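> Provided herewith is a single structure, encoded as structure tokens, for subsequent inquiry.
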Amino acid sequence: MFRTGRRLLFSLLALLLFAATASAQESASGKWTITVNSPDMGAIAMEFDLQQQGAVVTGTVSMSIPEIEGTHLTDGLFEDGVLSFVLHVGVQGQWLAVEVEAEVDGDAMVGEAYMAEMGVATPFTGKRAAGH
């Protein structure tokens, strides 16, 4: 009987550990390096710092492109492994909205950024920094 109790306890602990690990990985939170492959500008790297509360995602983005006057992120959601948000980018006194959607798998993401104003969808990849 003692042995059965230990096995049950061990099984429950293993299940709880697995569930905690799985739920920790099911998050978009962290520092991400996103690389967009633009036909006009080549590979463009951006740094995203995302925070997730429930399904809602907020965050900041930094780009080292001189023409970019500002950025902000809205409408962020992470559900069923899919991250979506709208990235607003200030360029030459105008704000462009970029609709972003990506599948997140652990510390990697693959997606597409769509600029309705230009009718262009651009693929991108992302990698989460270690320890986030």
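> Give me the distance in nm between label points sitting 7 Å out from Cα along the Cα-to-Cβ direction at GLU26 and VAL91, one decimal.
Each label point lies 7 Å from its Cα, and together they span 3.7 nm.
> With the crude spin-label approximation of a point 7 Å out along Cα→Cβ, what separation in nm comes out for GLU99 versus SER38?
2.1 nm
> Can you classify the range 27-128 as rounded, prolate or oblate using the Cα gyration tensor, where a ≥ b ≥ c are the square roots of its eigenvalues, rounded means a/c under 1.5, and otherwise it's prolate if a/b beats b/c and oblate if not?
Prolate, since a/c reaches 1.5 and a/b exceeds b/c.
> Can you give the extra length, in nm with one decimal, that the chain gains between ALA108 and SER64 once fully stretched, where that is 0.36 nm per residue apart less the Cα-Cα distance? Intermediate values should be presented prior to the final figure.
Details: separation 44, 0.36 × 44 = 15.84 nm, distance 2.18 nm.
Once the chain is fully extended between ALA108 and SER64, it gains 13.7 nm.
> Label MET118 and GLU47 with points 7 Å out from Cα along Cα→Cβ: what is the distance between them in nm?
2.4 nm
None of the figures in this text is laboratory data; all of them are computed from the coordinates on show. Only a predicted model underlies this, so the values are computations on that prediction, with no experimental measurement involved. Because the Cβ atoms are built from the backbone with ideal geometry, glycine has one as well, and the counts that use them run over all protein chains shown.
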